[in-house]
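Rule-based calculations on the coordinates, nothing more; no lab input. Everything quoted here is computed from the prediction, not taken from an experiment. A quick note on method: Cβ atoms are made from the backbone with ideal geometry, for glycine too, and the neighbour counts reach across all protein chains shown.
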Amino acid sequence: MKILLIHNFYKVPGGEDTVFRNEKKMLEEHGHEVTVYTRDNHEMDSMNALGKVKMLIDAVYSEKTYRDIMKLVKEKDIDLIHVHNTHMLISPSVYAAARDADVPVFLTVHNFRLLCLNAIFYRDGKICEECLEDGFKCGVRHKCYRGSRLQSEAAMRIQMAARRQKLYKNVNFICLTEFNKEKLLKINRIGKKLIDPKRVFVKPNFIPALSDIRKDSQAEKNGKNFIFIGRIDETKGIDTILRAWKNVPSDIRLTVCGSGPLEEKCLEFIRENKLSNVDFKGSVEHSEALRLLAAADAMLFMSKWYEGMPMTIIESFSVGTPVIGCDFGNGGEIISTVYGKKDLLLEPGEKLEESIAKAVIDFKAENYRFDASKLKRFSEEENYKELVEIYKIGMSFK
């Protein structure tokens, strides 16, 4: 097949960028002819005031994107378009181009941007679904997009314009989990059939084979080494984990890998509370993070937002390291799927710190055994089969 992959890179690199590159490589290795159309939000850094005003207008509907896509479809004889992100330079006009060119279009739904202005259903330290229930004006009122009423208004206009023009009507949506699919389908409460339920599929992201890392990490484990890997911010729950460590014996160690806005605050907390059993490594290379992950007894995953598709969980299980997490959001769904039960998950809420401390103090590897065959769905081979099947079904719709 001749496939056009579309992605708008964020200023801060993230998981979506990795998935875009991984899927491109996978499709090419299976013989597909892949054309890419990308933009990068770093382009905004060089824009003058007038350019930024024009950019905000184009973010709603970019004529440039429309023309570019129409041209590529014709020149490359494209069979299908697969979008990963259009925010904010590409814009939803890509869906209009797909419609007018009569080419099937697919969108991998990496976050909740279609339903929430800040894309994560999280505000003021807790889950918030006001935009889903009462509309985007709630997000404008709360300045949910970058803490700015003006920018939140712009983000609202992007989504409302796409809805008014019914640009999502013929889009085939690829959700990463059943949880995400359920959330996405709630969009039809807001407007009559904004999306077609039969065009909503579920396919997780995949990770490359990590068996070599697993083989290299067969050192004896003593049940006293735990790890956190992730962005150091409020949503990831690192603050909760560190508070829990105040009540953990000094021979039980925690390794922290990651960087972010709470980094200095966390380091200060570690110093003030004399947590000598916490090794804060900051940002590390992915290969080093995987090595540390494989050597740990368990990974802690305590995210406070739903998450899109937390790949660290899959990576942890893939290198043979169990995960201690909460019965919450996509993290909880994936962890319970791999274990085949939910009773190992911690209850989110006021007593979570206490539960984390108890879980690591009482940790016994035999209680956290999991069936590695459950990870097959997250393999590249299985993922390719699912993606091609979704393409076939989506292309069959008139």
Cleavage-rule hits, trypsin sites (Lys or Arg not before Pro), the range 239-277, DSSP coil, Cβ neighbours within 10 Å at most 13: Lys246, Lys274
Show me the trypsin sites (Lys or Arg not before Pro) within the range 287-341 that DSSP assigns to loop and that have at most 14 other Cβ atoms within 10 Å of their Cβ. Lys341
Qualifying GluC sites (Glu not before Pro) for the range 340-376 [loop in DSSP, other Cβ within 10 Å: at most 10]: Glu350
So what J values fall out for the range 56-61 if you push phi through Karplus, 6.51 cos²θ - 1.76 cosθ + 1.60 with θ = phi - 60°, rounded to Hz, Gly and Pro as x? 5, 5, 5, 5, 6, 7
If I take every Cα pair under 8 Å that is 6 or more residues apart in the range 258-398, average their sequence separation and divide by the length, what percent do I get for the relative contact order? 17 percent
Please give the contour-minus-distance gain from Glu347 to Asp371: 0.36 nm per residue of separation, less the Cα-Cα distance, rounded to one decimal in nm. 6.3 nm
Could you tell me whether the range 211-375 comes out rounded, prolate or oblate from its Cα gyration tensor? Rule is a ≥ b ≥ c as square roots of the eigenvalues, rounded for a/c under 1.5, then prolate if a/b exceeds b/c, otherwise oblate. rounded
Relative contact order in percent for the chain (Cα pairs under 8 Å, 6+ apart) equals 14 percent
May I ask which residue of Ile313, Val284, Ser250 lies farthest towards the positive end of the charge dipole of the range 211-375, with charges of +1 (Lys, Arg) and -1 (Asp, Glu) on Cβ and the Cα centre as origin? Ser250
Antiparallel DSSP bridges in the chain: what percent, to the nearest 5? 5 percent
With a Förster distance of 35 angstrom and the Cβ-Cβ distance between Val53 and Thr18, calculated FRET efficiency to the nearest 0.05 equals 0.60
Using 7 Å Cα-to-Cβ label points, what is the Lys126/Glu28 separation (nm, one decimal)? 4.8 nm
